[in-house]
Amino acid sequence: MEYGILSIAIPILTIILAIITKDVIVSLMGGIFAGFLVLNGYDPAAAFVALFDGVITLFSEGWIVKTLLFMLIIGAIINILSVSGAVASFVSFLDKKAKGIDSPKGAMLLAYLIGILIFIESSITALVAGTVAKPLFDKNGVSREKLAYICDSSSSPVCTLIPLNAWGALLLGLIVTAIEAKVITGDALGLLIASIPYNLYSVFTLLILLYVILWNWDIGPMKKAEAVPYVPSETQKKEKPTPYPMLLSLLVMILSVPLGLYLTGDGDIFKGSGSTSVYYAVIATLFFTYLYFVPTKMLTHKAFFKGMYDGMAHMLPVTSILIFALLIGKVIGELGTPTYLANLLDGNISPAVVPLFIFWVASLTAFSTGTSWGTFSIMMPIGLTLAATLNLEIPLVIAAVISGGIFGDHASPISDTTIISSMAADCDHISHVRTQLPYAVIGGILASIGFLILGYLYYI
């Protein structure tokens, strides 16, 4: 059965609900319910049952369960690293070593490098960079607004460019959903990796940030931002700070991924299962942290498991978003969105401008909702259906969705990443938003030009 305009009205409704409510789960559930309402002859009771039966059906697919467990376990690892003192010890270690780069440029480069190296989770990236570099910024007369900008602009972009984290799990899950629904073909991990060079906003943001640091490029409100007077801290803890608990845990996680790809691909890393590899990587890391932290008395057995369960609990909202994001992808497939979009757009729009169009819509959605993850969940199914129907370069479309989500999130005053960066730098939030916005807009303009050029290179 063909549903005509309703097949695109449902995803549009989901975006509108996200903008109005600023609640991703509510908007996704609203879109799913509306979709099942259409699919079930406008019977509300049948749509209600289909919605929650659809959630249960998702758990029959192994890769979905692995992805959800990955997200819960990564939350556990993040919390264990925090409550064990591994993060604090790492911060203290860097704080001591930072005295060797005690200069304005050195302070900014330190925050930048921390943002690049700690890609496990955007909040940890911002918090560690802010905590370590803040005293150096104050001492060398660099504003807290500049620190907040560096924290914000080196966290989310890095997490999407090196997706060995919960960001990667979410994106892999959304891509696999489209593959399982036969909307697109290919290997999800391969497509995500192939999209990285096209993630223009993230790339431009990191390059602009480096230019700002090296040449002290202040524009707009950043010119008027003033440094906070330096107050020397009372000295340190009695224990000798060490980076090894955190660094070794990250190393185990990073090295376990290619090992998992090798084993699941029967010796061919490029044929391995991405969802299985990251799943076993975090399990291996969780075991490692227990075997390291408990015997060395960084945590007791009881404290370890409390930290593990608390960390999993922190990830439940994100896990819920992924569940409903996967379900709405299936609903859009059942409504026949790809076929209708093909007929609607055929001859009416050049495929060359579609990546730019996707980037703009994703940016608007993320700006209005304040969430890049929610934007990925809403826009990825739409973008991939467009890629399938118009024969677009799939990695380019994936990158357009990711770039748009990051750009809108950076520019939004209600973004959690923006708020955390303000908190990490101990900077007034509105002041951070105002000083960061001109740089974000420059990155967005450059990304727009880039997507337009790439579109024409591929399709003209």
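We did not get these values from a lab; they are worked out from the coordinates using the rules stated. Just so it is clear, the structure is predicted and the values come from calculations on it, not from any experiment. So basically every Cβ, Gly included, is an ideal-geometry build from the backbone, and we count neighbours across all protein chains shown.
Under conditions of 4 °C and 1.567 mPa s, region 43-165 yields 77 µm² s⁻¹ as its translational diffusion coefficient, taking Rh as the Kirkwood radius over Cα pairs in the Stokes-Einstein equation.
Please compare each pair in K96/K146; K134/K223; K146/K297; K146/K306; K66/K146 to a cut-off of 28 Å on the Cα-Cα distance and tell me which ones are over it. Checking Cα-Cα distances, K146/K297; K146/K306; K66/K146 exceed 28 Å. Where only DSSP H runs of four or more residues are counted, the chain gives -25000 deg cm²/dmol as its mean residue ellipticity at 222 nm, each run worth -39500 (n - 2.57). Placing +1 on the Cβ of each Lys and Arg and -1 on the Cβ of each Asp and Glu in the chain, which of N199, A126, I25 has its Cα farthest towards the positive end of the resulting dipole? So the residue furthest toward the plus end is A126. Between L259 and D428, what FRET efficiency follows from the Cβ-Cβ distance if R0 is 35 Å, with the result rounded to 0.05? So the FRET efficiency works out to roughly 0.15. Residues of the chain were split at every exposed loop site, defined as chymotrypsin sites (Phe, Trp or Tyr not before Pro) in a DSSP loop with at most 11 other C-beta atoms within 10 angstrom, and the longest piece left, sites excluded, is 60-460. Each of V83, F357, F407 was scored by the projection of its Cα onto the charge dipole of region 61-459, and the greatest displacement toward the positive side belongs to V83; charges sit on the C-beta of Lys, Arg, Asp and Glu. Per residue, the average separation of C-alpha pairs within less than 8 Å and at least 6 apart gives the chain a relative contact order of 25 percent. Applying 1/(1 + (r/R0)^6) with R0 = 25 Å to the Cβ-Cβ distance of T57 and I179, what FRET efficiency is obtained, to the nearest 0.05? After rounding, the FRET efficiency stands at 0.90.
Using Cα atoms only, what is the angle between the long axis of helix 122-139 and the major principal axis of the chain, expressed in degrees (0 to 90) to the nearest 10? Approximately 30 degrees, to the nearest ten. Taking the square roots of 5 times each eigenvalue of the Cα gyration tensor of the chain, largest first, gives ellipsoid semi-axes of 38, 27, 19 Å.
Summing charges over neighbours of A178, with a neighbour being any other residue whose Cβ is under 15 Å away from its Cβ, gives -3 when K and R count +1 and D and E count -1.
Using Cβ point charges alone (K and R +1, D and E -1), the dipole size of region 61-459 about the Cα centre works out to roughly 1020 debye. In a DSSP loop and with at most 13 other Cβ atoms within 10 Å, the trypsin sites (Lys or Arg not before Pro) in region 129-183 are K182.
Using the beta-carbon distance between Y456 and T300 and R0 = 56 Å, what value does 1/(1 + (r/R0)^6) give for FRET efficiency, to the nearest 0.05? Taking R0 as 56 Å, the efficiency between Y456 and T300 is 0.40. For N40, the shell of other residues with beta-carbons less than 15 Å away shows a net charge of -2, using +1 for Lys and Arg and -1 for Asp and Glu. Multiplying the residue separation of L251 and I349 by 0.36 nm and subtracting their alpha-carbon distance yields 30.6 nm.
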